[in-house]
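Every number here is computed from the coordinates shown, using simple stated rules; none is lab data. Note that the structure is predicted; figures quoted are calculated from it, not measured. With ideal geometry, Cβ positions are generated from the backbone for all residues, glycine too; neighbour counts draw on all protein chains shown.
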Amino acid sequence: MIDLSAGKRRYRLFWGIVTIAVLIGLCSSCLSSPAIETSAIDNLIAEATTRESDGDFASAIEIYLDGLVKFPNAPRLLYNLAIVYAKSGAYHDSLTVLERLNGITNHTNTKYLNALAGIASYSGNLEIAQECWKTVLEIDPMDFDSRERLVDSFIESEMFEDAYYYALQAYELHHFQSWVFEKLTLLEHETGRGSGASWKLLADSLI
C-alpha cells in the first residue's frame, strides 16, 4: 500500500501556513488603518496650515472641508476648520463647527469647550460662552483662566450674583490672585453684600 500520511501532513502544513499568513495580513491591515488615517489627517492639516500662513483662508477652508468628506468626525480637522473660519471673520460658521465638535466629544474636552466659549464671547453670544465655561469648571475647577473669563462675562451681562459665586469659589480654592480680590471687591458692592473693604484688606495681607 502507498502511505498517504506524509502527503496529508504536508498538505495540512501548507494550508496551515497559508491561513496564518492571511490572518497576519488581515491583522496588519486592521492595525495600520488608524495610523494611515492619522497620517492622512496630518498631511491635510500641514497643507491647510501652509495656505493659512499665506493668508489664503479660503483654500485652507476648502482643504479641511474636503478632508471632512473622508473623515467626517475627525476632531482635529473640525477644530482647525473652526479656527480658520474665525480668523477669516466667519464667526457663525466657526460656532457651528465647534458646536458639532463638542457634540461629537460629548462636551468633555476642555480645549474644544474653551474654543467654543472664546469664539462665542467674541461674537457676542455670551450665553453660549457662559455655559461652556461653566462646563469647563465642572470638569476642572482649577482652570482659573476659564473661571476669570466666566466671571468677567457675568459682570458684562450684569449677572452679579453668578459672578460673585464663581469668584468666591476661586478664593475658596485658595487662588489668591489679584483679579479674585478685585472682582470680589466690586461684586460685594454690586450684590449689596457690603462695601468691598474686607476684600481689599484680605488682598493686602495675602498678596
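Based on the alpha-carbon gyration tensor of the stretch 80-134 and its eigenvalue square roots a ≥ b ≥ c, which shape applies: rounded if a/c is under 1.5, prolate if not and a/b is larger than b/c, or oblate? Taking the square roots of the gyration eigenvalues as a ≥ b ≥ c, the stretch 80-134 is oblate. Calculated on the Cα set of the stretch 38-170, radius of gyration then Dmax: 16.2, 49 Å. Net length available on complete extension from Glu182 to Glu138 is 13.5 nm, with 0.36 nm assigned per residue and the Cα-Cα distance removed. Here the stretch 163-187 and the stretch 110-133 have alpha carbon centers that stand 21 Å from each other. Placing a label point 7 Å from the Cα of His174 along the Cα-to-Cβ direction, the residues of the stretch 131-152 with a backbone N closer than 16 Å are 141-144.
Judged by the gyration tensor of its Cα atoms, with axes a ≥ b ≥ c, the stretch 119-207 is oblate; a/c meets the 1.5 cut and b/c is at least as large as a/b. Shown is the FRET efficiency for Ser195 and Ser123, computed with R0 = 35 Å from the Cβ-Cβ distance and rounded to the nearest 0.05: 0.45.
Charge dipole of the stretch 117-173 (Cα centre as origin; +1 on each Lys and Arg Cβ, -1 on each Asp and Glu Cβ, all else neutral): 100 debye, rounded to the nearest 20. What lysines could a cross-link reach from Lys111, if we take a straight Cα to Cα line under 19 Å and drop same-chain neighbours fewer than 8 places away? Here the lysines satisfying the reach criterion relative to Lys111 are Lys87, Lys134.
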